[in-house]
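Participant: Attaching a single structure in structure tokens format; questions to follow.
The values are calculated or read from the model by the stated rules, or taken from the named source; none is laboratory data. Nothing here was measured: the structure is a model prediction, and the numbers come from that model. Here Cβ is always computed from backbone atoms with ideal geometry, including for glycine, and neighbour counts include all displayed protein chains. Calculation scope for accessible area: heavy atoms of the full protein, side chains included, ligands and nucleic acids excluded. Shrake-Rupley method; radii C 1.70, N 1.55, O 1.52, S 1.80 Å.
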Amino acid sequence: MMAQPNLSSDILRTLVAVVERGGFIKAADYLHKTQSTVSQQMKRLEQEVGVNVFRTSGRKRLLTSEGEMLLSYAKRMLALQDDAIASLQESGAKGEIKVGVSQGVAETMLPELLASFARANPGVRLYVETGYSPDLNAGYERGDYDLVLTLSLDA
């Protein structure tokens, strides 16, 4: 059984930089590496995966169809890794928040607000109830909710 290739994040980041910056030299400048190091990493990548990632067209190096596929995976793998590290390093809020939301807010702004909050606070679990503003305000006064979002015509 052959050993499974190990695609290091450093090599995958180099691949992405080569493509997004438009070449080995620009990627080397961007990554603060020598052009020789970038070339060696791309050669090692091709050896690891066992296919040509680049093809030569005149003086340019272009991605092969396999290279395009690998680039797509590389971007997703790097994004997932970055998300994992960010989640582990966050020392943000943790716990639960009980929120009461009026129908007007729930129908217009709520999905975007919740998505934004969840991304910024992955350690917080939200419990959301919708209802009429007077009932929600009364619930807040009783301590049923940590936060109430309502629309009001009062200025």
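Participant: Among the residues of the range 27-48, is any closer than 21 Å to Glu68 by Cβ and touching a Pro at 6+ places or on another chain (Cβ under 6 Å)?
Facilitator: Yes: the range 27-48 contains one or more residues that are closer than 21 Å to Glu68 by Cβ and touching a Pro at 6+ places or on another chain (Cβ under 6 Å).
Participant: For the range 56-73, which positions are open to solvent by 80 Å² or more (accessible area, probe 1.4 Å) and either touching a Pro at 6+ places or on another chain (Cβ under 8 Å) or modelled with pLDDT under 95 (or both)?
Facilitator: Quick first cut of the range 56-73, residues open to solvent by 80 Å² or more (accessible area, probe 1.4 Å) only: 56, 59-61, 65-66, 68-69, 73.
Listed by number, the residues that qualify are Thr56, Arg59, Lys60, Arg61, Tyr73.
Participant: Moving to a separate point now. Within the range 23-41, count every residue that is outside any helix (DSSP H, G or I) and β-branched (Val, Ile, Thr). Break it down into steps so the answer makes sense when it comes.
Facilitator: Taking the range 23-41 first, the residues outside any helix (DSSP H, G or I) are 23, 32-34.
In the following step, the residues that additionally are β-branched (Val, Ile, Thr) were identified as 34.
Residues that pass the stated criteria total 1.
Participant: A further question on this structure: Restricted to the range 125-136, and to residues that are open to solvent by less than 70 Å² (accessible area, probe 1.4 Å) and part of a helix (DSSP H, G or I), which residue is farthest from Ala86 (Cα to Cα)?
Facilitator: Residues of the range 125-136 open to solvent by less than 70 Å² (accessible area, probe 1.4 Å): 126, 128, 131, 133, 136.
Restricting the remaining residues to those that are part of a helix (DSSP H, G or I) gives 133, 136.
Values: Ser133: 37, Leu136: 35 Å.
Of everything passing the filter in the range 125-136, Ser133 is farthest from Ala86 (Cα to Cα).
Participant: Okay, moving on. Out of the residues in the range 98-124 meeting the condition of being exposed (fewer than 12 other Cβ atoms within 10 Å of the Cβ) and of a type outside the set (S, T, N, Q), tell me which one is modelled with the lowest pLDDT. Walk me through it before giving the result.
Facilitator: Taking the range 98-124 as the starting set, the residues that turn out to be exposed (fewer than 12 other Cβ atoms within 10 Å of the Cβ) are 107-108, 111-112, 115-116, 119-120, 123.
Narrowing further to those that are of a type outside the set (S, T, N, Q): 107, 111-112, 115, 119-120, 123.
Values: Glu107: 70, Pro111: 75, Glu112: 75, Ala115: 77, Arg119: 77, Ala120: 77, Gly123: 79.
Going through the qualifying residues, I end up with Glu107.
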